[in-house]
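Here the structure comes first, spelled out in structure tokens, and everything after it is commentary.
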Amino acid sequence: MIAFVNKSVFSLMLSLLIACSTLVGQEDTLTDWNLAKDKNGIQVYTRDTENSKFKEYKSVTEMSASPERLLEILLDVEDYTTWMSNVKVAEILDQQGEDNYYIYSEVNVPWPFDNRDQITLSEVIREPSTGSIRIRITILPDYKPEKKGVVRVSSGNGLWAFTPLGNGKTRVYHRFAGDPGGSIPAWVVNIFLVDGPYKNMIGLREKIAE
């Protein structure tokens, strides 16, 4: 079975989780993180979680864009297919009010694994006093029927946080903990946990530069 394990497969799965993930609450102040990658100004950390076999990650960097510009990119959901790795479909299913979005996304995953999809409620939280923006998202696995041949992500939460630093710079923070679903062993997913967050930060940076 281990012969089927390769780096690209799990980067694809993690792309789906990154596409629409946020953690309820503020940025963490905990110190039990392990720095797993520090390259091109992007830091990715991981740590064990109490209630899951899957590790949690967070990624941090600075980007030359305002929080509003970053929010604009993340709310252009259908455009995920152009900068998020292997996203097959991404669309807004419904919108309630100005800042609540129900989002569907699916990523291509090579054989022998099935594609993954998820449905999330994305809640935009603006902080006028600081200019910061957060996106809080809750996974809703039962919002619509599952697709045949596609594994539904059943749990997970995280946080995107954009904090202005001045001089046109913004601190970009992303955190996620969850389960990609299906029968993939947790230890295998944990091995490749770092690549997805890093590649998507690169993709976001390149999108800003267009």
Criterion (in contact with a strand residue (DSSP E or B) (Cβ under 8 Å, 6 or more places away or on another chain) and modelled with pLDDT of 95 or more) met by exactly one of E91, E123:
E91
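This table checks each residue for (1) touching a residue at least 60 places away in the same chain (Cβ under 8 Å); (2) of a type in the set (S, T, N, Q).
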site	(1), (2)
T49	yes, yes
Y57	yes, no
E68	yes, no
L74	yes, no
E78	no, no
T81	no, yes
M84	yes, no
Out of all the residues in region 188-210, is one or more open to solvent by 20 Å² or more (accessible area, probe 1.4 Å), part of a helix (DSSP H, G or I), out of contact with any Leu (no Cβ under 8 Å at 6 or more places or on another chain) and at pLDDT below 85?
yes
Residues being at pLDDT 90 or above and either more than 12 Å from F176 (Cα to Cα) or in contact with a Lys or Arg (Cβ under 6 Å, 6 or more places away or on another chain) (or both) - total across region 153-164
4
Residues located in region 79-113, provided they are in a loop (DSSP other than H, G, I, E, B) and either in contact with a Pro (Cβ under 8 Å, 6 or more places away or on another chain) or surrounded by 13 or more Cβ atoms within 10 Å (Cβ to Cβ) (or both):
M84, S85, N86, D99, N108, V109, F113
Assess whether L17 counts as being modelled with pLDDT under 85, surrounded by 15 or more Cβ atoms within 10 Å (Cβ to Cβ) and aliphatic (A, V, I, L, M).
yes
Only one of (1) modelled with pLDDT of 95 or more; (2) open to solvent by 80 Å² or more (accessible area, probe 1.4 Å) fails for K53. Which number is that?
(1)
How do the strands (runs of 3 or more DSSP E) wholly within region 117-171 filter down when requiring 3 or more residues that are within 14 Å of the chain's Cα centre (by Cα) and surrounded by 15 or more Cβ atoms within 10 Å (Cβ to Cβ): which remain?
132-139, 155-166
Of all residues being hydrophobic (A, V, I, L, M, F, W, C) and outside any strand (DSSP E or B) in region 60-78, which is farthest from the chain's Cα centre (by Cα)? Just the residue, please.
A65
May I ask you to verify whether Y101 is under 16 Å from T120 (Cα atoms) and among the aromatic types (F, W, Y)?
yes
Tell me which residues, restricted to region 73-102, are of a type outside the set (D, E) and over 20 Å from M201 (Cα atoms).
I92, L93, Q95, Q96, G97, N100, Y101, Y102
Hits in region 144-170 (condition: of a type outside the set (G, A, S) and under 28 Å from V109 (Cα atoms))
K144, P145, E146, K147, K148, V150, V151, R152, V153, N157, L159, W160
In the set I119, I125, I133, I137, which member is in contact with a Leu (Cβ under 9 Å, 6 or more places away or on another chain), aliphatic (A, V, I, L, M) and farther than 18 Å from Y80 by Cβ?
I133
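Condition check: farther than 21 Å from G196 by Cβ and among the hydrophobic types (A, V, I, L, M, F, W, C). Does I139 satisfy that?
Considered against the rule, which asks whether it is farther than 21 Å from G196 by Cβ and among the hydrophobic types (A, V, I, L, M, F, W, C), I139 comes out as no.
The values are calculated or read from the model by the stated rules, or taken from the named source; none is laboratory data. Keep in mind it's a predicted model, so treat the numbers as computed, not measured. We place every Cβ from the backbone using ideal geometry, glycine too, and count neighbours over all the protein chains shown. In case anyone asks, the SASA skips ligands and DNA or RNA and just uses the protein heavy atoms, side chains included. Shrake-Rupley method; radii C 1.70, N 1.55, O 1.52, S 1.80 Å.
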